[in-house]
1. So, residue 599, is that one of a type outside the set (Asp, Glu), surrounded by fewer than 13 Cβ atoms within 10 Å (Cβ to Cβ) and at positive phi or not?
2. Of a type in the set (D, E, K, R), more than 24 Å from residue 401 (Cβ to Cβ), surrounded by fewer than 23 Cβ atoms within 10 Å (Cβ to Cβ) and more than 32 Å from the chain's Cα centre (by Cα): does that describe residue 543?
3. Quickly run through the stretch 456-492 and pick out the residues that are surrounded by 11 or more Cβ atoms within 10 Å (Cβ to Cβ), at pLDDT below 85 and either at positive phi or of a type in the set (D, E, K, R) (or both).
4. Do we find that residue 147 is within 41 Å of the chain's Cα centre (by Cα), under 24 Å from residue 75 (Cα atoms) and surrounded by 18 or more Cβ atoms within 10 Å (Cβ to Cβ) in this structure?
5. Is there a residue being more than 28 Å from the chain's Cα centre (by Cα) and loosely packed, with under 14 Cβ neighbours inside 10 Å anywhere in the stretch 580-592?
6. Please tell me if residue 336 is in the same structural domain as residue 393 (by TED's automatic domain parsing) and not β-branched (Val, Ile, Thr).
7. Give just the number: which of (1) surrounded by fewer than 22 Cβ atoms within 10 Å (Cβ to Cβ); (2) in the same structural domain as residue 437 (by TED's automatic domain parsing); (3) assigned to a helix (DSSP H, G or I) does residue 509 not satisfy?
8. I need the full set of residues from the stretch 297-352 which are polar (S, T, N, Q) and within 19 Å of residue 590 (Cα to Cα), in order please.
Amino acid sequence: MKTKTVLSSTVCAKGCFGIRAGVLIACLISGMILPAAAETQPADQTASPGADTQELLNKAAAAADAGDLEQAETAYQLLLATYPQSALKDQVYFGLARIGERRQDPAGTAAWYQKLIREFPDSPLLERARHELAEAYIRLVQYDAALPLLELERNLNRDIAARQALTDRIVEVFLKKNDRLQAVTELLKKEWSRDDEKRTIEDRVLELLGLATRTELEELVRQFPKGYPGDAALLQLADRYESKKEYFEAEREWRRFLSTYPRHRAVSSARNRILAIKQFYLGQRRLIGALLPLSGPLKPFGLQVLDGIRLAVDQAKEANPEGSVEVVVKDTEEDATALLRGLDELAREYRVSAIVGPLLSRQVAAAASKADAYRVPLLTPSASEEWPKSWKYVLRNSITNRQQAREIARYAAGSLTLKRFCILYSDDAYGTEMMRTFSDEIIKQGGEIIGQASYDPKTTDFGPQIRSLKEADLSKYGFSGPPPEKKGEIREYKPGFDAVFLPGDYDQAGLIAAQLAFYDIQGVVLLGTNGWDSPDLFRIGGKYVEGGVFVDGFFPGSAEPTVRSFVDQYRDRYQEEPTLLSAQAYDAAALVLKALHQGAATGEAVRDFMGRVQNFSGVTGLISYTPDGEMAKRLYVIQIKDGKFIQINQ
């Protein structure tokens, strides 16, 4: 009897697909071309598959094992089309997923495993599918999708060796995510029954601690404050600081370790490290002290100052290795007792030549008499209040409120040739001081104050104050046009003054600028102080602050070579922008270093040197001191132009 190809002779009609599929299955099983008579019995698409279908499944698997992925995939896909309700469908999905793995197609692999898990929650292949799906996700770099599957598999698995292996894999995934903190946490979940297994886990934890960042170590100390691996993390943290020669932080962590783990086997080592740090300092010829708040709410500001000091000292070491200077740091802790204790230690034990700090004006006042008694200069990089001339050993490298008010007044009246001014200021000590100083300087420069008004520092509505300024102006120089002819029209107003002084922060200045425009005060120059120095000024004030001018003690956007070099090196070292505090601390340390390198060996000699400084080129401008310790500094004048800060004085 002659044979013929069924698929080429069958005419498509209702049910023809099942006929052709059934025939092709038989062909694949037997490896033969079947007679046309085979068309007479259509396949049941929903019935359970028989031996023929199982045999086809086996042959598909065998083809895959033999590397014939095309034939295997054809068979699997045909089974899906022929028997969409087959009880073997999970095996087909699994087979297709394995083909995806062989083809290194993790996306396709994941899709088939997802279908198996979703459609066959009771399949005996479920556990393997979850595991392989997790591996596919890992290859797709979808770690957050893989982890829950691995964790579920670990939780359901009854075999301890399998759970250990799964924990190792979970650790690997967290390391792929660069999450060493969670990797350590997972390692601690690993089960062990023998001492050698425990040691292996601990060795692995120590290895990861060695790779952890300082932030990760701190977090481990926080999460495990009284035991392992918090103790190991704390030791690693202290050692890390010491290796970087950040001795203040190293000693702080050694002392924290002794306080937390008084019976730990490493106690003796920690005590020796603290002693070694002190001996190191005592062996140095030249030391600078630092009195800073390095704990509590003011810690961020203390760290900015310390970063500036260290950058200056390290640059000096690179330039002159033989004449190196070290920095001894003491934490003021925002406490008068800690402040004075730290000053005593720096002056009596370490015999420092000068101290950078403290930060707050009240702290300077508390330390002034002791500084004079010890004859050790205190250079504060931030205190802004005036102090008595009787404090001989207290100097500043920081801008004061009065300095700013005088500088912006001089620039406005001089370089900008403005004559008439209004002042809108906060009703507090700061605002009042700025208003009085600005007024006095404007009058001294031959200008005129047209009007002034104060506001509650908490208010956001400046309407009453702005209206009072307009009234004062209209009584002198302001112009108001005729009443409007139609209801709703605004009466024309032209200010008779040239500028408004706004000695507030950026949020106040931004709000006031917009409200001045609302009350038709336009075409006048807005003047301010360093409280304006924030990108948020543009967000709040928008176009209304355009053209505004303010002063500051530091401008990181300056084109001056000294400033550019400092900014670049600061960014490279700390991965952040330098602040006014860090810049002023850098200059304070640089001044002391210059004194030491020119032969000043005592606090008295450093103080005498400071009294002779003239036009020192710092990153915060040209700095000069009078013999009695008064500082003169050129401030940066900054203008808002096209939504950016631009330095306009040279």
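1. Values: of a type outside the set (Asp, Glu): yes; surrounded by fewer than 13 Cβ atoms within 10 Å (Cβ to Cβ): yes; at positive phi: yes.
Yes; evaluated as a whole, the condition is true for this residue.
2. Working: of a type in the set (D, E, K, R): yes; more than 24 Å from residue 401 (Cβ to Cβ): yes; surrounded by fewer than 23 Cβ atoms within 10 Å (Cβ to Cβ): yes; more than 32 Å from the chain's Cα centre (by Cα): no.
Taking the combined requirement at face value, the residue does not satisfy it.
3. 492, the sole residue that qualifies.
4. Details: within 41 Å of the chain's Cα centre (by Cα): yes; under 24 Å from residue 75 (Cα atoms): no; surrounded by 18 or more Cβ atoms within 10 Å (Cβ to Cβ): yes.
Answer is no for this residue.
5. No, every residue in the stretch 580-592 fails to be more than 28 Å from the chain's Cα centre (by Cα) and loosely packed, with under 14 Cβ neighbours inside 10 Å.
6. On the way: in the same structural domain as residue 393 (by TED's automatic domain parsing): yes; not β-branched (Val, Ile, Thr): yes.
Spelling it out, residue 336 is indeed in the same structural domain as residue 393 (by TED's automatic domain parsing) and not β-branched (Val, Ile, Thr).
7. (1)
8. Going residue by residue through the stretch 297-352, those that are polar (S, T, N, Q) are 304, 315, 320, 324, 332, 337.
Passing the criteria: 304, 315, 320, 324.
The values are calculated or read from the model by the stated rules, or taken from the named source; none is laboratory data. Here the structure is a predicted model, which means the values were calculated and not measured. Glycine gets a Cβ as well: all are built from the backbone with ideal geometry, and neighbour counts include every protein chain shown.
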